[in-house]
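Written below as structure tokens is the structure these notes are about.
The values are calculated or read from the model by the stated rules, or taken from the named source; none is laboratory data. If you're wondering where the values come from, they're calculated on a predicted model, not measured in any experiment. Using ideal geometry, Cβ is built from the backbone for each residue, glycine included, and neighbour counts are taken over all protein chains shown.
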Amino acid sequence: MIHSVYSNKDVFLRELVSNASDALDKLRLAALKDDTLGADVSDLHIDIETDGEARTLTVRDNGIGMSYDEVGRLIGTIANSGTAQFVKELREAQDAGGAEGLIGQFGVGFYSGFMVADEMTLVTRRAGESQGTRWSSRGEGTYTLETVEDAPQGTSVTLHLKPADSDDQLHDYTSAWTIKDIVKRYSDFITWPIRTVPGKTDGDAAPEPETLNSMKALWARSREEVSDDEYHELYKHISHDWREPLETIRLQAEGTFEYQALLFVPSHAPHDLYTQGYKRGVQLYVKRVFIMDDCEALLPPYLRFVKGVVDAADLSLNVSREILQQDRHIRMMQRRLTKKILSTVKDTMTAAPDRYATFWREFGSVLKEGLLSDSDNRETLLAVASFASTHADDEPTTLAAYAERMKDGQEDIYYLTGETRESIENSPHMEAFRAKGIEVLLLTDPVDEVWVDVVGEFDGRRLRSVAKGEVDLGTQDGEQGDGEREKRSEEYAGLLGWMKETLGEDVKEVRLSSRLTVSPACIVSDAHDLTPALENMYRAMGQ
Ligand code: ADP
Ligand code: MG
């Protein structure tokens, strides 16, 4: 296996190159917006310099750089708070072969350098400022920070490499061959030149730097030219996720408004997906030039978990978020990208049911928000949705599969909402349905309360809550006709009257029901009333 010659440790270089690339993107953008910045953007690049004797490796960029405060905030704080512990765990995990996971988990790309270095030094100067900053740390919880004169604009990070493992020649990070190999593997698509500068051993003329990466934008290349691994590395660079994506989606739009898109569905929902601060959106490029991160206008909020790149041919380099929100072409792109993502999900359902199951487990509850906001795609969304059901304990069902299993004479699709599967299954409302073997969807996401009312039906069948209105299952199989029911109502009229009087204002009506088999009584909403959960929600919102 090829993989065995690569080490988990190698990813430190990917992280440093990724940061350098971001810094170059930011500088180009800043120079575009502010021509008084005075930074030279004609030769932006990333240099990797090694020194076998001193055992150092330096990654240098001439990008945006950081101010003194920024270094303290962006690099320093992690060093203060628990980094010693982190680095210790990192070093242990790396011996066990699991360091990569830990890096992503902590979101500390820069600190992965401590896997291979016992000391890291960073020298940086922010574009437009005159004073530089030098930061240094041994990764043990403390760092030094000082200002320096004559620092070149941009950032250089120097790793003082740990002593070499004699049996680990493949991971000698002062070897040009090793560096070349790692860059090819992890960073080939980076759009800036990544160059090696051979060590200054032989004194004479300065050796020519060599560019290691092809710099080809993956989204502009044909599918056959690009390996899955290459796509995955781009995903990791963009998303700062360390795991493989679940789906890779390509789209090339030709014609009057040309663009290319390379989108990814992650394999795990980020923990902050439902928070206000969640940064949604894809990267926007204009003809290979990076324009912005987190471009929200290109995807609807319910697809906010999708990452990737959209490269449009005919937008202005100066385009702003405000303009994008109103642009007609952008709206068309959003529609097309949305359809493409949904059709990919639909295809996965049949082509790769396991991947679909993962997708739905991670992102189903977000996607259901689309049932409220995107009426154009409602049918597709209903088709790709699946729900827990009394039909099976662990396998969710689609609405179409439910419809196929419906009993003779059953006209509606039944569901019950609640907090957990267990609480729903124990609800007295379920008794008659269980007794008659009628399938009920068990809806536990907060958004379920809302969309079922808004959507109302699937394929001509009503969606009906088993907790609302009169659900007369008896007549379906002729057990209990209307006559029978009237007779019994008369029989119990006294009891019902007494209950109504006693409960007074708290209830609208007390009636006999055929929906219970074990419990003596249950509370039911009118067909058009709010469910208790919604009532609580509105009350909490002060309405
Ligand atoms: P992330 O890249 O996920 O934000 P990192 O630990 O890799 O996390 O980097 C932390 C931050 O430090 C970056 O977001 C960036 O603001 C800053 N930074 C790191 N390297 C550079 C660099 N070469 N140039 C400018 N800023 C940098
Ligand atoms: Mg990073």
Original post:
In segment 379-392, how many residues are assigned to a helix (DSSP H, G or I) and closer than 30 Å to G437 by Cβ?
Top reply: 5
**OP:** Could you give me the residue pairs with C-beta distances under 6 Å whose first residue belongs to segment 287-316 and is outside any strand (DSSP E or B), whose second residue is modelled with pLDDT of 95 or more and of a type in the set (G, A, S) wherever it lies, and which are 6+ apart or on separate chains?
**Re:** Y302/G370
Subject >> Among (1) among the aromatic types (F, W, Y); (2) more than 16 Å from ligand 1 (Cβ to nearest atom); (3) in a loop (DSSP other than H, G, I, E, B) - the single one F264 does not satisfy >> reply: (3)
Original post:
For the subset of segment 60-77 comprising residues that are in contact with a helix residue (DSSP H, G or I) (Cβ under 8 Å, 6 or more places away or on another chain) and near ligand 1 (Cβ under 8 Å from one of its atoms), which member is nearest to E140 (Cα to Cα)?
Top reply: I75
Original post:
Between residues in segment 431-453 that are closer than 16 Å to A388 by Cα and touching a residue at least 60 places away in the same chain (Cβ under 8 Å) and residues that are surrounded by fewer than 21 Cβ atoms within 10 Å (Cβ to Cβ) and of a type in the set (K, R), which pairs lie under 8 Å by C-beta distance while being six or more apart or on different chains?
Top reply: none
Original post:
In segment 181-195, is there at least one residue being modelled with pLDDT of 90 or more, surrounded by 15 or more Cβ atoms within 10 Å (Cβ to Cβ), touching a strand residue (DSSP E or B) at 6+ places or on another chain (Cβ under 7 Å) and part of a strand (DSSP E or B)?
Top reply: yes
Original post:
Within the set of pairs 6+ apart or on separate chains, which have a first residue in segment 379-398 that is within 28 Å of T338 (Cα to Cα), a second that is outside any strand (DSSP E or B) and small (G, A, S), and C-beta atoms under 8 Å apart?
Top reply: T380/S343; L381/G370; A383/A400; A385/G364; S386/G364; P396/A357; T398/A383; T398/A385
**OP:** Out of S239, S214, report the one residue that is of a type in the set (S, T, Y) and over 20 Å from T348 (Cβ atoms).
**Re:** S214
Original post:
Considering only residues of segment 393-415 that are assigned to a helix (DSSP H, G or I) and among the charged types (D, E, K, R), which is surrounded by the fewest Cβ atoms within 10 Å (Cβ to Cβ)?
Top reply: E404
Subject >> Every residue from segment 277-308 that is among the aromatic types (F, W, Y) and closer than 20 Å to L372 by Cβ >> reply: Y278, Y302, F305
**OP:** Only one of these is exposed (fewer than 13 other Cβ atoms within 10 Å of the Cβ) and either touching a strand residue (DSSP E or B) at 6+ places or on another chain (Cβ under 7 Å) or under 19 Å from L32 (Cβ atoms) (or both): K279, K307, K287. Name it.
**Re:** K279
**OP:** Collect the residues in segment 239-279 that are closer than 29 Å to K9 by Cβ and hydrophobic (A, V, I, L, M, F, W, C), keeping them in residue-number order.
**Re:** W242, L246, L262, F264, V265, A269
**OP:** Counting only residues that are closer than 25 Å to E439 by Cα and at pLDDT below 80, give me the helices (runs of 4 or more DSSP H) lying completely in segment 467-540 with at least 3 of them.
**Re:** 532-540
Original post:
Can you find a residue in segment 23-36 that is within 16 Å of ligand 2 (Cβ to nearest atom), crowded, with 18+ Cβ neighbours inside 10 Å and charged (D, E, K, R)?
Top reply: yes
**OP:** Could you tell me which of the residues L337, L367, L371 is in contact with a Lys or Arg (Cβ under 7 Å, 6 or more places away or on another chain), buried (at least 17 other Cβ atoms within 10 Å of the Cβ) and either free of Cβ contacts under 8 Å to residues at least 40 places away in the same chain or closer than 18 Å to P300 by Cβ (or both)?
**Re:** L371
**OP:** Working only within segment 233-254, note down all residues that are in contact with a strand residue (DSSP E or B) (Cβ under 7 Å, 6 or more places away or on another chain) and over 15 Å from V306 (Cβ atoms).
**Re:** Q252, A253
Original post:
Which is acidic (D, E) and at pLDDT 95 or above, of E419, E449, E439?
Top reply: E439
